1. Would you point out which residue out of Asn102, Asn143 is polar (S, T, N, Q) and either at pLDDT 95 or above or loosely packed, with under 15 Cβ neighbours inside 10 Å (or both)?
2. Look through the range 668-718, keep the residues that are over 29 Å from the mean Cα position of the chain (by Cα) and without any contact (Cβ under 8 Å) to a residue 40 or more places away in the chain, and return whichever of them is surrounded by the most Cβ atoms within 10 Å (Cβ to Cβ).
3. Between Pro614, Pro606, which is more than 26 Å from Ser642 (Cα to Cα) and loosely packed, with under 15 Cβ neighbours inside 10 Å?
4. Has the range 466-484 got any residue that is in the same structural domain as Leu510 (by TED's automatic domain parsing), of a type outside the set (Phe, Trp, Tyr), under 27 Å from Lys295 (Cα atoms) and in contact with a Lys or Arg (Cβ under 7 Å, 6 or more places away or on another chain)?
5. Scan the range 127-142 and give yes if some residue there is touching a residue at least 24 places away in the same chain (Cβ under 8 Å) and over 30 Å from Ser59 (Cβ atoms), otherwise no.
6. Only residues that are exposed (fewer than 15 other Cβ atoms within 10 Å of the Cβ) and assigned to a helix (DSSP H, G or I): list them for the range 499-538, please.
7. Quick one: Gly648 ticks every box in (1) at positive phi; (2) out of contact with any Lys or Arg (no Cβ under 8 Å at 6 or more places or on another chain) bar one, so which box is it?
8. Taking only the range 339-374 into account, find how many residues are part of a helix (DSSP H, G or I), out of contact with any Pro (no Cβ under 6 Å at 6 or more places or on another chain) and touching a residue at least 24 places away in the same chain (Cβ under 8 Å).
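The values are calculated or read from the model by the stated rules, or taken from the named source; none is laboratory data. Nothing here was measured: the structure is a model prediction, and the numbers come from that model. All Cβ positions, glycine included, derive from the backbone under ideal geometry; neighbour counts span all protein chains shown.
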Amino acid sequence: MINMKKLVLAFSCLLFTLLSRADEGMWLPQLLEVLNEKRMKELGMKMSASDIYDVNKSSLKDAIVSFGGFCTGEVISDKGLVLTNHHCGFDAIQNHSTLDKNFIRDGFWAKSNAEELPNAGLFVTFIIRIDDVTSQVLKGVNNSLPENLRQSLIDKNAREQLGIVNKEDYQEAFIRPFFEGNKYYLFVTEKYDDVRLVGAPPSAIGNFGKDTDNWMWPRHTGDFSIFRIYAGKDNKPAPYSPNNVPYKPKKALSISMSGMEEGDFTMIFGFPGRTTEYLPSEAVNQIMTVNDPAKILVRDKALAVIDKYMRADEAIKIQYASKYAGIANAWKKWQGEVSGLTNTNAVAKKQRYEAAYREILNNNPALKASYGQVLDQLNAAYKEIQPFALARDYYLETSSKIELFTIINRIRALNTKKDKFDYSSSLAAEIDWMGNFLREMNIKVDKEVFAAMMELYIEKQDPIYVSGFAKKELEKFKDYKTWAEHIYSKSIFADKEKVRDLLNNDPSQLFNALADDEGSNLLIAIADLYDKDIVIKLNKIQSQINQLQRIYMQAQMEVFADKTFYPDANSSLRVAFGNVSGYNSPAGKKYEYYTYLDGVMEKYKPGDYEFDVPEKLRQLYKKKDYGKYGSKGKMPVCFIASNHTTGGNSGSPALDAYGNLVGLNFDRVWEGTMSDVNYDPSICRNIMVDIRYVLFIVDKYAGAGHLVKEMKLVYPKK
């Protein structure tokens, strides 16, 4: 007989390299004292876990906000200044831009509170406290329950908890699952809806390098923008009003002027969006070889069309700048993800992990009885879902890039509400939304995007998932360009003025057009096939996967009982920690951890869409006029560290060992974007703009030194 203790010891040694991967993780702040404080101090942290998260006294969490629900921001003054990324504030900057006042091109700086610009729909959310409600939410729940009954019971229990939560009337609460639904936490929050634009550098600084440099290192981007939170005179949340006053925070971050050195402790505090670190090997293989390549191909084509028009027309550049950036961001990320998963042998790593998991499981009768077939069933379910998931990606990626289809879908949704009591408010909201959408749409561009997307939809996937109606229409017009010309000349939904006018005067004409409009008929045919032949099968298998993934997550935590697991990101407040560090790329190139303004000038291309540099910045560089923000005659711009981050962490503060703000997280290195699926300490690095570069641009470049005077600057290393 094999000695069980020796077996466990042997596999503990094997698992050291599989499970203890540097300082990977996105950790819940309320658990840092128990799980992470010791390790964080070993890495150089000088503060305590209670300095980071405390519900009884002011702590760093009180300076961190969810910015708009899609990024992170941080409070940097006792008058409610909030710092976030330029790309996080870009929609607000774009909405205030015109050809005459082009804040995208020229930047914007309010000289006083009166000049700060309100932004309808923009909000920030503070976390007040986080409570473990797992036992209450899972009361009466077990794995033998059918999934629909299980979820119904969970929902009922969660509603009961939300009904008795201790909070103020102006506060909100929600419950979110963790570890695939094996744990539940309740969040009490405060949401502020009056958030005003204070300052933004020109895109030649805030988005320097644009798409070429996106997800790349070395990086030289001043990716920041500044907003201010306004509150009622009682300092509580209030809707926008000119009578509101700057918010007085519980905590504002101090700003370090000492800079960072290799090996220094760093911490990212923010709201990472979504990761899937505990997938089985078959799921990772599909991401790498099937789904990501398909989505990359679709976006290749859409971006090529939009880029052509943006480079030729300044007005179109303004219209499509935000949309182009949004499409390109994931497109390039997926390319890096495929490369990273391939170069780090991610599937083989997962398979080794699964082999170790099976070995321990099969030698423990109790664990084997509970979880014996779960992993095999999960991998099998992913193989079964592959063709449907690929069809889903082609449908969603192609149809969502065609703005004509977006208009039709919005009208279809509004049509379903025309006989309901809330129709008037729905119509008003749609008129407002559609006005903004149509203003940022160009029919000529969309027509060419349509031709490119329909070609991919019809020719690049299994014919059984392609609408028969779409095939017949193509046969009628012979080629995609002619087809597009016909659709856009006939469809009422391609007439921006008619859509705008009818929504304001007689929406019933748009509703009636849904039945016989050629654009509408095409979309409905494509959507019907998707809904009937793909979604039903996809959802059935996905429901099975969700159940198996939850049980597999539970099994991993029991099989590897000595490992400390962190939950996947789900847009809740998290802490990631690590050290400033360069890296060697898979190709063997060594990358240093800092970049400087010298690198901006080396990349400078006069008049170029991506690499132009404003005259004033060039003059400041020429004179080496960096003020107190430079270091040893140079102007630091960006640096990298080993913090585990993802989307949603954009705008997160980079904090030093004492909790001072040293930078602003905005990206990851291209080779390490696969960290959402497979964190690897050898190449996973997050990219931050140095806070001294931010202040240099605000003060020396923009002449907005009054904003710096609001902030508390410190020199911890001195």
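1. Asn143
2. Filtering first and then ranking leaves Gly705.
3. None of the others qualify; the one that does is Pro606.
4. yes
5. no
6. Result: Asp501, Asn504, Asn505, Ser508, Gln509, Asn512, Asp528, Asp531, Lys532, Ile536.
7. Every listed condition holds for Gly648 apart from (2).
8. Final tally of qualifying residues: 21.
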